[in-house]
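Encoded as structure tokens, the structure appears first; notes follow it.
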Amino acid sequence: MSSLGMNGPFAFNRNTIDQVVSCTRPGNYALGYVNDENTFIVQYVGRSDDDVNSRIKAHLNDSQSYSSFKFSYATSSKEAYEKECRNYHDFGGPDGVLNNKIHPDQPNLPENLEMSCLRRVLSALLWHSFVLSILKQSHPN
């Protein structure tokens, strides 16, 4: 069985959200309900790249009726995105089991540049430095 890797479940209301999600940080959350067997049933998974408390509260006015939530903090928006993707797939997002309408979007922050892009930039900078050093050696002042 898949695990969200989150704290909770907690009652889905403004006071409880403010009490338990007390830091302004990136993070992940799941919305749903607790069934008769005391199992949290995931209906929606999400993330915030900067303030998970505010993002969870944004769902308080959704047309869906959620009674419980779980959450966890993340160290970066990239980490939050990767966990949201795992949770989305683990809990049936692509199969329409979740209320999520689409696959999670990647965060649009510099920290999330793909490593291949970073390698290309670094390689170009190193090549440029190498060429400049050769030119300086062959054409001294």
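Looking at Tyr33, Tyr81, Tyr29, Tyr44 in this structure, which one is under 18 Å from Asn100 (Cα atoms), of a type in the set (Phe, Trp, Tyr) and modelled with pLDDT under 95?
So the residue among Tyr33, Tyr81, Tyr29, Tyr44 that is under 18 Å from Asn100 (Cα atoms), of a type in the set (Phe, Trp, Tyr) and modelled with pLDDT under 95 is Tyr81.
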- Query: Does at least one position in the range 77-95 carry a residue that is polar (S, T, N, Q), farther than 22 Å from Arg25 by Cβ and assigned by TED's automatic domain parsing to the domain that holds Asn13?
  - Reply: no
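Among the candidates Lys70, Lys57, Lys83, Lys101, which residue alone is of a type in the set (Lys, Arg) and over 19 Å from Gly8 (Cα atoms)?
Numbers: Lys70 fails: over 19 Å from Gly8 (Cα atoms); Lys57 fails: over 19 Å from Gly8 (Cα atoms); Lys83 fails: over 19 Å from Gly8 (Cα atoms).
Just a single option satisfies the conditions, and that option is Lys101.
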Expected single match for within 23 Å of Asp90 (Cα to Cα) and in the same structural domain as Glu84 (by TED's automatic domain parsing) among Ser22, Ser67, Ser2, Ser54 is Ser67
In the range 87-109, anything of a type outside the set (S, T, N, Q) and surrounded by fewer than 17 Cβ atoms within 10 Å (Cβ to Cβ) is listed as His89, Asp90, Gly92, Pro94, Asp95, Gly96, Val97, Lys101, Ile102, His103, Asp105, Leu109
Requested in this report: Check whether at least one residue in the range 37-52 is loosely packed, with under 15 Cβ neighbours inside 10 Å, over 15 Å from the mean Cα position of the chain (by Cα), in a helix (DSSP H, G or I) and acidic (Asp, Glu), and report yes or no.
Outcome: no
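In the range 9-28, what residues are under 13 Å from Leu60 (Cα atoms) and crowded, with 19+ Cβ neighbours inside 10 Å? Write out each step before concluding.
Our first condition is that a residue be under 13 Å from Leu60 (Cα atoms); within the range 9-28, this holds for 11-18.
Scanning the range 9-28 gives Phe12, Ile17.
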Residue hits (the range 1-36; among the hydroxyl-bearing types (Ser, Thr, Tyr) and part of a loop (DSSP other than H, G, I, E, B)) are Ser2, Ser3, Ser22, Thr24
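The values are calculated or read from the model by the stated rules, or taken from the named source; none is laboratory data. Fair warning: this is a prediction, and the values are worked out from it, not measured in the lab. Counting neighbours? That spans all protein chains shown, and the Cβs are built from the backbone with ideal geometry, glycine included.
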